[in-house]
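Enquirer: Just dropping this structure here.
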Amino acid sequence: MSTSTPTAVREEPVPLPTRTVNDHVRDYIGRVRGGDIGALPAVLGLVVLCIGFSIARPEFFSAINFANLFTQGAAVILIAMGLVFVLLLGEIDLSAGFASGVCASVLAVLLTLHGWPWYGALIAALVTGVVIGLVLGVLVAKVGIPSFVVTLAAFLAFQGVVLLLIKGGTNISVQDKVIVSIENSNVKPVIGWLLALVAVLGYAAVQLVRYRTRQARGLIVDPFLVVLARIAAVALLVGIATYILNQERSINTLITSNKGMPIVVPLIAILLVVLTFVLQRTVYGRHVYAVGGNAEAARRAGINVDRIRISVFVICSLLAAIGGIVAASRGRSVDPNTGGSNVLLYAVGAAVIGGTSLFGGKGRVFDAVLGGAVVAVIDNGMGLLGYSSGVKFVVTGLVLLAAAGVDALSRRRAAATGHR
């Protein structure tokens with residue numbers, strides 16, 4: 001009697017889901033119609049503004065003015081990066097501007113009046129930012145005071161703290177070469193090109209690894225041509241920016257040379273990469289979005305909501321401290337207006353204009369950079385056209401109002417079409 005062995009069944013590989021470029025375009029249009037517009041309004045607005053100002057004033061895109069756009073908007077962008085974390089939870093920090101002023105004052109007092117080395121004063125300023133964020137976060141998360149009230153009180157109190165630190169209305173100069181170089185010095189053109197190459201190769205590696213990983217797991221992936229187009233677009237923009245920044249910007253080259261990428265540019269780029277990774281590639285980042293989307297559901301899922309709330313205020317104030325240091329570097333001094341005036345308004349505006357929602361749960365760190373670019377272009381371009389500060393404030397306010405309106409309408413549209 002013969003026995004037959006069972007024949008192994010050969011499993012056919014499951015075909016990977018693929019999409020054509022046309023499918024990708026149709027999906028994107030569908031998302032936009034459904035209310036998921038992302039940063040599209042900010043991108044279109046930035047393009048229109050740049051074209052308009054360059055036509056009205058050709059020197060808008062000159063090397064010296066292009067570099068000024070980065071240095072003028074650096075402090076606001078850094079503060080806006082921190083505000084993104086707070087806004088993701090549907091909270092607000094009205095004290096971020098003057099918190100940056102307090103940290104800048106600590107830096108200046110320790111450097112100039114007490115003779116501390118730059119690294120000691122820098123660490124003290126950063127620690128001050130962390131402490132401020134910790135206090136604000138505990139009052140909001142543990143005591144239960146609304147963030148609007150807590151940070152409004154801090155907004156008022158920090159103005160007094162700045163005055164006390166710098167002895168009233170005096171101006172404390174910052175002369176340390178390392179601190180001053182952050183906003184006023186440039187990296188060599190060769191190093192600038194190397195940094196640009198590293199940035200492009202890093203972005204390309206992330207995109208390609210993500211594509212291969214999703215493909216290996218049988219997940220839907222974007223068409224490879226779309227991935228290549230993204231990499232090419234980033235390479236083109238980075239290349240053009242680096243080329244312009246490496247042009248000579250000095251009026252009299254016999255006295256001094258002024259070319260190369262401002263040091264603050266790679267500083268912002270590094271923080272952008274690190275914070276984006278934290279938000280999009282870590283468990284902590286997923287918890288931030290979860291709490292911002294639905295705090296009660298996040299709590300029931302086992303997320304420590306109070307800890308997340310405290311942490312975002314700490315991150316916000318830490319970024320405000322970095323912004324204050326950059327502002328002190330640019331002005332080479334600290335005075336009662338450091339961190340005040342329109343700094344907070346521009347920072348909140350930058351985050352919202354870039355696409356971060358005031359209702360929580362939606363936003364990216366890149367939104368702060370994009371919105372900050374819009375704010376800087378408006379301020380710089382209208383200055384070149386000779387408009388007064390009053391006109392600049394009105395236009396920036398209208399742009400912010402439009403961005404908030406688009407956010408509200410897109411959320412309503414997304415809820416109606418099921419694209420939440």
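Enquirer: Give all pairs with beta carbons closer than 6 Å in which a residue from the stretch 184-201 that is more than 26 Å from ARG230 (Cβ to Cβ) and modelled with pLDDT of 90 or more meets a residue that is among the small types (Gly, Ala, Ser) and surrounded by fewer than 18 Cβ atoms within 10 Å (Cβ to Cβ); count only pairs at least 6 apart in sequence or on separate chains.
Expert: Final answer for the pair search is none.
Enquirer: Also: Take the residues in the stretch 168-189 that are in a helix (DSSP H, G or I) and more than 23 Å from the chain's Cα centre (by Cα); name whichever of them is farthest from LEU111 (Cα to Cα).
Expert: That would be PRO189.
Conditions tested, residue by residue: (1) among the β-branched types (Val, Ile, Thr); (2) under 25 Å from ARG364 (Cα atoms); (3) surrounded by 15 or more Cβ atoms within 10 Å (Cβ to Cβ).
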position: VAL84; (1), (2), (3): yes, yes, yes
position: SER95; (1), (2), (3): no, yes, yes
position: ALA104; (1), (2), (3): no, no, yes
position: ALA124; (1), (2), (3): no, no, yes
position: LYS177; (1), (2), (3): no, no, no
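Enquirer: Suppose the filter is hydroxyl-bearing (Ser, Thr, Tyr) and either buried (at least 21 other Cβ atoms within 10 Å of the Cβ) or assigned to a helix (DSSP H, G or I) (or both); does SER311 pass it?
Expert: Yes, satisfied.
Enquirer: Sticking with this one: Pairs under 8 Å by beta carbon, first residue within 22 Å of ALA196 (Cα to Cα) in the stretch 222-233, partner of a type in the set (S, T, N, Q), six or more apart or different chains?
Expert: Close Cβ pairs satisfying both conditions: VAL227/GLN207; ARG230/GLN207; ILE231/GLN207.
Enquirer: What is the number of the single condition among (1) surrounded by fewer than 24 Cβ atoms within 10 Å (Cβ to Cβ); (2) more than 16 Å from the chain's Cα centre (by Cα) that ALA376 does not meet?
Expert: The one condition ALA376 does not meet is (2).
Enquirer: Out of the residues in the stretch 41-68 that are without any contact (Cβ under 8 Å) to a residue 24 or more places away in the chain and of a type outside the set (Val, Ile, Thr), state the one that is nearest to VAL238 (Cα to Cα).
Expert: Taking the candidates together, the pick is SER62.
Enquirer: Taking the options TYR289, TYR243, TYR284, name whichever one is more than 20 Å from the chain's Cα centre (by Cα), modelled with pLDDT of 90 or more and among the aromatic types (Phe, Trp, Tyr).
Expert: The unique qualifying residue is TYR243.
Enquirer: Considering only residues of the stretch 66-124 that are among the polar types (S, T, N, Q) and in a helix (DSSP H, G or I), which is farthest from HIS287 (Cα to Cα)? Outline the logic, then answer.
Expert: Keep residues of the stretch 66-124 that are among the polar types (S, T, N, Q), which gives 68, 71-72, 95, 100, 105, 112.
Pick out the ones that are also in a helix (DSSP H, G or I) and you get 68, 71-72, 100, 105, 112.
On the way: ASN68: 37, THR71: 33, GLN72: 34, SER100: 27, SER105: 34, THR112: 42 Å.
So, considering only residues that are among the polar types (S, T, N, Q) and in a helix (DSSP H, G or I), the one farthest from HIS287 (Cα to Cα) is THR112.
Enquirer: Please find, among VAL198, VAL221, the residue that is surrounded by 12 or more Cβ atoms within 10 Å (Cβ to Cβ) and farther than 23 Å from ILE270 by Cα.
Expert: VAL221
Enquirer: Does the stretch 206-226 contain any residue that is in contact with a Gly (Cβ under 6 Å, 6 or more places away or on another chain) and of a type outside the set (A, V, I, L, M)?
Expert: Step one: filter the stretch 206-226 for residues in contact with a Gly (Cβ under 6 Å, 6 or more places away or on another chain), giving none.
No, the stretch 206-226 has no match at all.
Enquirer: For the list (1) within 28 Å of ALA328 (Cα to Cα); (2) at pLDDT 90 or above, I need the number of the one condition that PHE70 fails.
Expert: Going through (1) within 28 Å of ALA328 (Cα to Cα); (2) at pLDDT 90 or above one by one, PHE70 breaks only (2).
Enquirer: Would you say ILE64 is surrounded by fewer than 20 Cβ atoms within 10 Å (Cβ to Cβ), over 16 Å from VAL334 (Cα atoms) and in the same structural domain as ALA373 (by TED's automatic domain parsing)?
Expert: Considered against the rule, which asks whether it is surrounded by fewer than 20 Cβ atoms within 10 Å (Cβ to Cβ), over 16 Å from VAL334 (Cα atoms) and in the same structural domain as ALA373 (by TED's automatic domain parsing), ILE64 comes out as yes.
Enquirer: May I ask you to list the residues in the stretch 340-367 that are over 10 Å from the mean Cα position of the chain (by Cα), assigned to a helix (DSSP H, G or I) and surrounded by 22 or more Cβ atoms within 10 Å (Cβ to Cβ)?
Expert: Listed by number, the residues that qualify are VAL343, LEU344, TYR346, VAL348, GLY349, VAL352, ILE353.
Enquirer: Counting just the residues of the stretch 204-226 that are modelled with pLDDT under 90 and within 23 Å of the chain's Cα centre (by Cα), which one comes out farthest from PHE66 (Cα to Cα)?
Expert: Selected residue: ARG210.
The values are calculated or read from the model by the stated rules, or taken from the named source; none is laboratory data. This one's a predicted model, so the numbers in the text were calculated from it and none came from an experiment. A quick note on method: Cβ atoms are made from the backbone with ideal geometry, for glycine too, and the neighbour counts reach across all protein chains shown.
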